[in-house]
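Colleague: Next up is a structure, given as structure tokens.
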């Protein structure tokens, strides 16, 4: 049965032989359909990429302008071999898409990539795709992951920043440079008046430009550097990738009252994760669906077969089989190896 | 309030900064009701109430309340690294709790303990389920986490005794030694006990504490190096560097107190030593090392057995028969107070003379004088140091004859001070074979590694130790990612990985062991560095390790 499947886990990830392409391959292939531009989904060196315009802009920024990208608008159908391929919003980051694959005959598949069901200010809202076989991620596929209301989280982040600013303590939010950083900035701006300057790390800045180019509105920010440090110190906020935690670069922005550092991630739910990174605090804000979000998304597709990829694949798949009566199976990919959000 | 205590617990858990912990504890004590603070102090001193619920009861109730299957609860526990935390995240947010918060009056810690913890002690299973269920209805998520830790046994708050007594001392405005002494006999969590803990100092209550400890500098030179930096060997006294617990024994006004270097009072864990000090004159303070002495081999027992004794909360009954083979012994090497007089400014040689006057060098008794090592050249001392391993010591100590006893680790000026000349750790190149997730803060990463060396015929890799310290966070993260990608087999939480990566493992001691497949066990194993220059087939063999075993 599995051997006849339209999409199979192979040497480079998920491949569709009938269409002659791979979805988010882990090593270079001639034809790659890309769900979104995070590093673990968009490998360099492929012959040709197919992606939404938003993802295409991010791919050019990340992999270089010379790559060959065919832009496919959300909802448009393109034929590859004997299958029709269309991309549908996944709500994860700018341009992120689910890949719907319809064969000449037989079941329709949809590969989710990474997705978030709750709408946010910086990614196109998730759209359920009716299909027969749904391939879902499971990054947060355990019932302990239930996100708090995101407006409340934005409010807490802003209060934390304000309290820090009042005691001349610079705030630093550690967030992935692609997607999370921009969402944090837009959410803060939506939560109220900002107490100081936002300074962003170079990697974040580059991607903010792409977001703005795609029409996403972000609050004012400066490139955090020696030249702007004085304006950031004390009352400002630094937005930087998690790898910058504890670096001399980040400490260079500390105000008279020092610096408060917080992680912004779904992992902040778990106490151990916060302690591990020796951070002061954590805000639970994720670009992935939480447990109820995953279950709801699966239900909305109407799919009776559900493939589970990267994350808590084993327990999630078992839950779908035993508690939801779905024909669920696991698919091995190398996505999410670095737990990149 | 229960909420304030749960916040304190999480703050202590989230930080490793001593000043932040101190501030958190002192802040809590200042604002808490005495009845609540009494319980908080009891929990922080490791005093646990009797009410204990079995994991089975807690698990089945959690499954019932959360609606997830039992196997899923276990999957969550594995991911979170802690059953109590996993349950607190799975339960629906309490319905009764928000009211309490709005009025600003949550449930007090004392009330919570009296209503939902203590009654568990005498309750049958059905009653326990009812009590725990009621608590869950009343408490918010992080309170549930702390409550579960309280009733599941082994509740530990992330604060050292020394830090707690410092915080209490700062709130009470008395010395830390006074608080240590007041806490020493155990603490009864009543409002009265808390108020007398915080009371002002009574006449004669101060002056029971230890002196600040004198710490040695480490030297790693060869014998020739010492010759040029330290000069004439006759200016120096040499002693063995014992591998035990540094202590000060204070005998004053007919009472004997044993203080650890953390200024914790540990008298009640070592009644044999206290008994052995009965003959010392009043007004005597000795500095030395506490060891568990193995009578049959006439050398110190391993550190682990001493640790077991130290961690015991209750005083062991004095049963001479039981500890005949291994009994705690203090090896004193200095006198700080003699005849009630502070003798620390006296030169080392004078203090040594005083010590030998108090304690004749002896292999008997539980307070002994640590012997000196006779040597006439740095080479001969080097030879003595070479025999340290067979004697079960860490190396040698060098003390300048003219040195006063000073506080802390004082940089040795030319020709003075205390120096420790330890043996180099032993090393072996081993292959990473299995990895396990860590616990607590490391629960979501593979940070617990098993290392193997080749069998003598190099036909198979044999695991000989586990190690988890020595790598930087960045190294651990990259190794974690590698482990996930290079797993060859999974058995429960254990991942077997490709035998590719070689690490230099350092350790202090090595002993035969029937419990380990390798037939030996190493002590203080740690990763020194990765041998990226070596392939797995070039790693060491068991024979290399066996050659390091002490001959017997």
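Colleague: Across the range B:309-329, what is the number of residues that are assigned to a helix (DSSP H, G or I) and at pLDDT 90 or above? Talk me through it step by step, then tell me what you get.
Modeller: Taking the range B:309-329 first, the residues assigned to a helix (DSSP H, G or I) are B:309-311.
Filter again for at pLDDT 90 or above, leaving none.
Result for the range B:309-329: 0.
Colleague: Go through B:99, B:111 for me and flag whichever is away from every other protein chain (no Cβ under 14 Å), surrounded by fewer than 20 Cβ atoms within 10 Å (Cβ to Cβ), assigned to a helix (DSSP H, G or I) and modelled with pLDDT under 90.
Modeller: Among B:99, B:111, only B:99 is away from every other protein chain (no Cβ under 14 Å), surrounded by fewer than 20 Cβ atoms within 10 Å (Cβ to Cβ), assigned to a helix (DSSP H, G or I) and modelled with pLDDT under 90.
Colleague: Of everything in the range A:38-68, what is surrounded by 21 or more Cβ atoms within 10 Å (Cβ to Cβ) and more than 24 Å from residue A:241 (Cβ to Cβ)? Give them in sequence order.
Modeller: A:46, A:50, listed by residue number.
Colleague: Still on this structure, please answer the following. For residue B:236, are the conditions met, namely being within 29 Å of residue B:335 (Cα to Cα) and touching a helix residue (DSSP H, G or I) at 6+ places or on another chain (Cβ under 7 Å)?
Modeller: Values: within 29 Å of residue B:335 (Cα to Cα): yes; touching a helix residue (DSSP H, G or I) at 6+ places or on another chain (Cβ under 7 Å): yes.
Yes, satisfied.
Colleague: For the range B:357-370, what are the residues that are touching a residue at least 12 places away in the same chain (Cβ under 8 Å) and loosely packed, with under 15 Cβ neighbours inside 10 Å?
Modeller: Restricting attention to the range B:357-370, the residues satisfying the condition of being touching a residue at least 12 places away in the same chain (Cβ under 8 Å) are B:358-359, B:363, B:365-370.
Correct list: B:363 only.
Condition check ((1) more than 25 Å from residue B:163 (Cβ to Cβ); (2) touching a residue at least 60 places away in the same chain (Cβ under 8 Å)) across all residues:
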{"position": "B:251", "(1), (2)": "yes, no"}
{"position": "B:257", "(1), (2)": "no, yes"}
{"position": "B:260", "(1), (2)": "no, no"}
{"position": "B:272", "(1), (2)": "yes, yes"}
{"position": "B:291", "(1), (2)": "yes, no"}
{"position": "B:302", "(1), (2)": "yes, yes"}
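Colleague: Still on this structure, I have one more. Any residue at all in the range A:272-284 that is over 20 Å from residue A:330 (Cα atoms) and at pLDDT 90 or above?
Modeller: yes
Colleague: Quick check: is even one residue across the range A:275-286 over 19 Å from residue A:181 (Cα atoms) and over 24 Å from the mean Cα position of the chain (by Cα)? Talk me through it step by step, then tell me what you get.
Modeller: Filtering the range A:275-286 down to residues over 19 Å from residue A:181 (Cα atoms) leaves A:275-276, A:278.
Now drop any that are not over 24 Å from the mean Cα position of the chain (by Cα), which leaves none.
Within the range A:275-286, not a single residue is over 19 Å from residue A:181 (Cα atoms) and over 24 Å from the mean Cα position of the chain (by Cα).
Colleague: If residue A:213 satisfies every condition in (1) touching a strand residue (DSSP E or B) at 6+ places or on another chain (Cβ under 6 Å); (2) within 30 Å of residue A:129 (Cα to Cα) but one, which is the exception?
Modeller: Result: residue A:213 fails condition (1) only.
Colleague: Now, a different point. Got a sec? Which helices (runs of 4 or more DSSP H) wholly within the range B:1-86 have at least 2 residues that are within 14 Å of chain A (Cβ to nearest Cβ) and under 24 Å from residue A:292 (Cβ atoms)? Spell out how you get there, then give the answer.
Modeller: Working: elements: B:2-14, B:18-31, B:34-44, B:55-66, B:70-80.
Hits in the range B:1-86: B:55-66, B:70-80.
Colleague: Could I ask something else about it? Which pairs do you get when a residue that is more than 11 Å from every other protein chain (Cβ to nearest Cβ) and touching a residue at least 12 places away in the same chain (Cβ under 8 Å), found in the range A:295-324, comes within reach of a residue that is in a helix (DSSP H, G or I) and surrounded by 15 or more Cβ atoms within 10 Å (Cβ to Cβ), reach meaning Cβ atoms under 7 angstrom, with the pair 6+ apart or on two chains?
Modeller: From the range A:295-324, the pairs are A:306/A:298; A:306/A:320; A:308/A:316; A:308/A:317.
Colleague: Across the range B:246-261, what is the total count of residues that are touching a strand residue (DSSP E or B) at 6+ places or on another chain (Cβ under 7 Å), surrounded by fewer than 19 Cβ atoms within 10 Å (Cβ to Cβ) and modelled with pLDDT under 90?
Modeller: 1
Colleague: Hey, can you tell me all the residues within the range A:144-187 that are within 22 Å of residue A:93 (Cβ to Cβ), within 14 Å of chain B (Cβ to nearest Cβ) and touching a helix residue (DSSP H, G or I) at 6+ places or on another chain (Cβ under 8 Å)?
Modeller: Selection gives A:145, A:146, A:147, A:174.
Colleague: Quick check on residue A:190: is it part of a helix (DSSP H, G or I) and touching a residue at least 60 places away in the same chain (Cβ under 8 Å)? Give the derivation first.
Modeller: Details: part of a helix (DSSP H, G or I): yes; touching a residue at least 60 places away in the same chain (Cβ under 8 Å): yes.
The answer is yes for residue A:190.
Colleague: Now for a separate question. Select from the range A:213-258 the residues that are on the phi < 0 side of the Ramachandran plot and within 13 Å of another protein chain (Cβ to nearest Cβ) and write down the one among them that is nearest to the chain's Cα centre (by Cα). Don't jump to the end; show me each part of the working.
Modeller: Just the residues of the range A:213-258 that are on the phi < 0 side of the Ramachandran plot, to begin with: A:213-214, A:216-233, A:235-245, A:247-257.
Subset that is within 13 Å of another protein chain (Cβ to nearest Cβ): A:242-245, A:247.
Numbers: A:242: 14, A:243: 17, A:244: 19, A:245: 20, A:247: 24 Å.
If we take residues in the range A:213-258 being on the phi < 0 side of the Ramachandran plot and within 13 Å of another protein chain (Cβ to nearest Cβ), then A:242 is nearest to the chain's Cα centre (by Cα).
Colleague: Between residues in the range B:213-235 that are closer than 22 Å to residue B:288 by Cα and residues that are assigned to a helix (DSSP H, G or I), which pairs lie under 9 Å by C-beta distance while being six or more apart or on different chains?
Modeller: Partner pairs satisfying both residue conditions: B:219/B:225; B:219/B:226; B:219/B:229; B:219/B:230.
Colleague: Shifting gears a bit: Residues in the range B:265-281 that are part of a loop (DSSP other than H, G, I, E, B), modelled with pLDDT of 90 or more and touching a strand residue (DSSP E or B) at 6+ places or on another chain (Cβ under 6 Å): how many?
Modeller: Number of matching residues: 3.
Colleague: Does residue B:332 count as touching a helix residue (DSSP H, G or I) at 6+ places or on another chain (Cβ under 8 Å), within 23 Å of residue B:278 (Cβ to Cβ) and at pLDDT below 90?
Modeller: Working: touching a helix residue (DSSP H, G or I) at 6+ places or on another chain (Cβ under 8 Å): yes; within 23 Å of residue B:278 (Cβ to Cβ): yes; at pLDDT below 90: no.
Taking the combined requirement at face value, the residue does not satisfy it.
Colleague: Continuing with the same structure: Does the range B:220-229 contain at least one residue that is within 21 Å of residue B:403 (Cβ to Cβ), at pLDDT 90 or above and touching a helix residue (DSSP H, G or I) at 6+ places or on another chain (Cβ under 8 Å)?
Modeller: No: zero hits.
Colleague: Further question: So how many residues does the range A:114-143 have that are within 14 Å of another protein chain (Cβ to nearest Cβ), in contact with a strand residue (DSSP E or B) (Cβ under 8 Å, 6 or more places away or on another chain) and either free of Cβ contacts under 8 Å to residues at least 60 places away in the same chain or in a loop (DSSP other than H, G, I, E, B) (or both)? Outline the logic, then answer.
Modeller: Step one: list which residues in the range A:114-143 are within 14 Å of another protein chain (Cβ to nearest Cβ), which gives A:138-143.
Filter once more, so that each one left must be in contact with a strand residue (DSSP E or B) (Cβ under 8 Å, 6 or more places away or on another chain): A:138-141.
Those still in the list that are either free of Cβ contacts under 8 Å to residues at least 60 places away in the same chain or in a loop (DSSP other than H, G, I, E, B) (or both) too: A:139-141.
The total comes to 3.
The values are calculated or read from the model by the stated rules, or taken from the named source; none is laboratory data. None of these values were measured; they are calculated from a predicted model. Because the Cβ atoms are built from the backbone with ideal geometry, glycine has one as well, and the counts that use them run over all protein chains shown.
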